[in-house]
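A short write-up of the structure that comes next.
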Amino acid sequence: MVGWVDFEALRGSTLAMSYLQDEELIGDADDDLQEFIAKTGVDPRTDIKQLAMVAFDGEDGETEGVVVGSVNFDRDRLMTSLADSPTISHRDHTLYLLEQDDWDTSGEEMEGEEAEGEHDSEEGEEEHGEMGTEGAEETQPGYLVIINDQTLMIGSEIGVKFALDTAAGERPTARDDSTINEMIISLPVDDQIWVIAADEAWAEELAEMPEEGASPVPIPLAAIEGVEVVTFAMHMSDSMRLRLSGIAATEEDATMISQSMLGLLAMGKMMIQQAQPELFNIIDRGLLIDSDHRVINIEANLSAEDIALLRELAEERVGDAMQGGIEG
């Protein structure tokens, strides 16, 4: 998987800025944000220009990842915050081991004496890369690399070394893959966010899907498994455009998948037309599905009003689910 986020371009979007400044959306995350700013001197809302992302399976089957960012940062301040971090070297670059709380956000938080004991441990260096809760899976340690005064890199050890090797010309780049390169070239130049994922990225999920006939989705599993690469792209201005494209193994598969999705869309419209006419109107005018040779395209065009309504409906649904849980 390769991806790109142009924060600088997003900040020129009326719609994006309205959400970046939405206190209700930021909520409790504001405390963590302020702590991060105080520690690093970097405000993600204003200082990150662009991010490039890569994820891949390593030789041991573990998912490796790395993010490279063009960032406004104070080098001296960042170096001070990293002064006590263990380091390793690779290709004349220093890799700083990140604290577990800064790198892993997937585990459960520690509480009480267990958290205090972990925090006060004198063997902190050995405990990097492990979850704090007993019985939880280990997570890989993360590293940060200062490439230059405007570029930072963060990722797993293998991911970071992979990226440095690629930059040194020792490994092929994403553009050396003809299919990936073709997808990148086909993206609209004004899309601020895009992700391209090869079939390996969803192989495990596909393996768990039921076979045709046992699934409510009338699309043969073999046709879905034959999709070689999928692209997601988003453009925001005073509205939003979302595009999802996939390259099927054959033109027949592309036609079959797109027609099946059109059938599902028609069924969905029938179900909500009476119950939720506002949602029906958004889907009816804003969602397009088609195929062109081996390519399946799904495009959604949403106005600011559409997005506000979808958010309101989602909040109502969450509220109803929570109320039902309380009553239950």
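The values are calculated or read from the model by the stated rules, or taken from the named source; none is laboratory data. This structure is a prediction, so every number in the text was calculated from the model and none was measured. Cβ placement follows ideal geometry from the backbone for every residue including glycine, while neighbour counts extend to all protein chains displayed.
Quick rundown of the values:
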{"quantity": "Complete set of residues in segment 165-184 that are of a type outside the set (A, V, I, L, M) and either closer than 19 Å to ARG243 by Cβ or assigned to a loop (DSSP other than H, G, I, E, B) (or both)", "calculated": "GLY169, GLU170, ARG171, PRO172, THR173, ASP177, THR179, ASN181, GLU182"}
{"quantity": "Residue within segment 71-81 that is among the hydrophobic types (A, V, I, L, M, F, W, C), in the same structural domain as THR166 (by TED's automatic domain parsing), touching an Asp or Glu at 6+ places or on another chain (Cβ under 7 Å) and within 22 Å of LEU33 (Cβ to Cβ) present", "calculated": "yes"}
{"quantity": "Selected residue (criterion: farthest from PHE232 (Cα to Cα)) from residues of segment 152-180 that are in contact with a Ser or Thr (Cβ under 9 Å, 6 or more places away or on another chain) and exposed (fewer than 15 other Cβ atoms within 10 Å of the Cβ)", "calculated": "PRO172"}
{"quantity": "Tally of residues being surrounded by 12 or more Cβ atoms within 10 Å (Cβ to Cβ) and not in a loop (DSSP other than H, G, I, E, B) across segment 68-78", "calculated": "7"}
{"quantity": "Residue within segment 267-285 that is within 22 Å of ALA201 (Cα to Cα) and among the small types (Gly, Ala, Ser) present", "calculated": "no"}
{"quantity": "Conditions (1) surrounded by fewer than 16 Cβ atoms within 10 Å (Cβ to Cβ); (2) modelled with pLDDT of 90 or more; number of the one not met by GLN274", "calculated": "(2)"}
{"quantity": "Selection from segment 247-277 of residues that are of a type in the set (S, T, N, Q), farther than 23 Å from GLU182 by Cβ and part of a helix (DSSP H, G or I)", "calculated": "GLN259, SER260"}
{"quantity": "Condition check for PHE36: farther than 26 Å from VAL189 by Cβ, at pLDDT 90 or above, not hydroxyl-bearing (Ser, Thr, Tyr) and not in a strand (DSSP E or B)", "calculated": "no"}
{"quantity": "Identity of the residue in segment 278-296, over 26 Å from TYR19 (Cβ atoms) and outside any loop (DSSP other than H, G, I, E, B), that ends up farthest from the chain's Cα centre (by Cα)", "calculated": "ASP292"}
